[in-house]
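Just below is one structure, and these are the notes that go with it.
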C-alpha cells in the first residue's frame with residue numbers, strides 16, 4: 001500500500017511539473033501583454049500596468065480589426081467547406097462498396113507525403129492566372145479537401161451502423177437525406193473534432209496567406225504579427241498583446257468543445 005501511495009505521489013508530482021511547463025508559455029504571454037517592452041526583455045513574470053497603453057499603441061500601429069476579421073472569415077469559410085467535402089468523401093468511402101476505393105484511399109494518403117512548400121510555385125501561378133489573389137476563395141481552395149480529414153471521417157464512419165442506412169433507404173429516404181438527417185447528427189463529436197483541427201490550421205496558416213494575400217486589406221493575424229517584428233526595434237508589449245488576441249479564438253473553441261473533441265478522436269480510433 002505504501003509503495004502504491006509513493007508511486008501515485010511521484011506520478012502526481014511528475015504530471016504537475018509537466019503541466020507547469022505546458023502552461024508557463026501562456027502565462028508569460030498574457031503577463032507580457034500588460035508590461036512594457038523593457039520589462040519583458042528583463043524577464044518580468046508579474047502583471048504590469050501597461051495593458052491599456054499597449055492596446056492604444058497596437059490599435060494606432062496596425063489595422064487589428066481588419067486582420068482579425070479576415071482571419072475569422074477565412075477560417076470559418078475554410079472549416080465549413082472542408083467539413084462538408086471531407087465528410088461526404090469519408091462517408092462515401094465507408095458506406096459504398098467499390099473494388100478500387102481502397103486503392104484510391106491509399107493514393108490519397110500517399111499525397112500527404114508531398115510537402116506543401118513544393119506546391120507553392122505552381123499554385124501561385126494557377127491562382128494568379130485565375131485572378132484569385134487576395135480573395136477568400138484563393139485562401140481556402142488548396143485546403144478544402146485534405147487526405148487527413150477524409151481518412152479521419154472514414155475511420156469514424158466505421159462505427160456508423162449500416163443497418164440504419166439500409167432501413168432509411170427502405171423507408172424511402174434519399175442518399176442526401178440519409179447523410180444530413182442521420183449521419184451528421186450521429187457523428188456530431190467527429191464533426192466537432194474535425195472542426196477544431198481545421199479551424200486551428202486555417203487560423204494559424206501563415207505560408208499560403210503570405211504568398212497569396214498581397215495587400216494590407218487582406219492581411220491576416222499571423223501576417224500582422226510578423227509585420228510587428230519587421231522594424232529596426234520590436235515593441236514586445238504590443239507583440240505579446242497581438243499574440244494573446246490571436247490565441248484567444250482557438251483557446252475558446254477548444255475549451256468549449258474539448259469533450260466532443262475527445263469523443264470524436266476516440267470514435268475515429270475505434
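Read-outs throughout are calculated quantities, based only on the coordinates presented, and are distinct from any laboratory measurement. A quick note: this is a predicted structure, and the numbers were derived from the prediction, not measured. Every residue, glycine among them, receives a Cβ derived from its backbone with ideal geometry; neighbour counts consider all protein chains shown.
For the chain, what D do you get in µm² per second when you plug the Kirkwood radius from alpha-carbon pairs into Stokes-Einstein at 4 °C and 1.567 mPa s? Numbers along the way, then the final one.
Working: Rh = 21.8 Å.
Answer, rounded: 59 µm²/s.
Contact order normalised by length for the stretch 63-269, with contacts defined as Cα pairs under 8 Å and 6 or more residues apart; what percent is it?
On the way: 193 pairs, mean separation 74.3, N = 207.
Averaging sequence separation for qualifying contacts and normalising by length gives 36 percent for the stretch 63-269.
Helix 236-269 sits at what angle to the longest principal axis of the chain, using alpha carbons and giving 0 to 90 degrees rounded to 10?
20 degrees
Could you check the simple spin-label distance between residue 44 and residue 145, using points 7 Å along Cα→Cβ, in nm with one decimal?
Rounded to a tenth, the inter-label distance reads 5.3 nm.
Against the longest principal axis of the chain, how steep is helix 2-32, in degrees 0 to 90 to the nearest 10, with axes from Cα atoms?
70 degrees
In what sequence, highest mean first, do 102-110, 10-18 appear when ranked by Cβ atoms within 10 angstrom?
Highest-to-lowest ranking by the protection proxy: 102-110, 10-18.
If we sort 179-187, 201-209 on the protection proxy, mean other Cβ atoms within 10 Å, highest first, what's the order?
Answer by packing, highest mean first, reads 201-209, 179-187.
What is the spin-label model distance, in nm, from residue 112 to residue 258 if the labels are put 7 Å beyond Cα along the C-beta direction?
Between residue 112 and residue 258, the simple spin-label model gives 2.5 nm.
Suppose only helical runs count, i.e. DSSP H with n ≥ 4. What mean residue ellipticity at 222 nm does that imply for the chain under -39500 (n - 2.57) per run, divided by all residues and rounded to the nearest 500 deg cm²/dmol? Write out the running numbers ahead of the final one.
Details: 14 runs with 193 residues, N = 270.
The per-residue figure over the chain is -23000 deg cm²/dmol.
Give me the number: length gained by fully extending residue 180 to residue 16, i.e. 0.36 nm times residue separation minus the C-alpha to C-alpha distance, one decimal in nm. Present the calculation step by step, with values, prior to reporting the outcome.
On the way: separation 164, 0.36 × 164 = 59.04 nm, distance 4.35 nm.
Full-extension gain reported as 54.7 nm.
Highest mean first, what order results for 166-178, 81-93, 246-258, 59-71 on Cβ atoms within 10 Å?
With the highest mean Cβ count within 10 Å placed first, the list reads 81-93, 59-71, 246-258, 166-178.
Assuming R0 = 51 Å, what is the FRET efficiency of residue 120 and residue 9, from their Cβ-Cβ distance, to the nearest 0.05?
After rounding, the FRET efficiency stands at 0.50.
Can you compute the radius of gyration and Dmax for the stretch 222-262, using only the Cα atoms, both in Å?
14.1, 45
What length, rounded to one decimal in nm, is gained on full extension from residue 85 through to residue 56, with 0.36 nm per residue of separation minus their alpha-carbon distance?
6.2 nm is the gain from fully extending residue 85 to residue 56.
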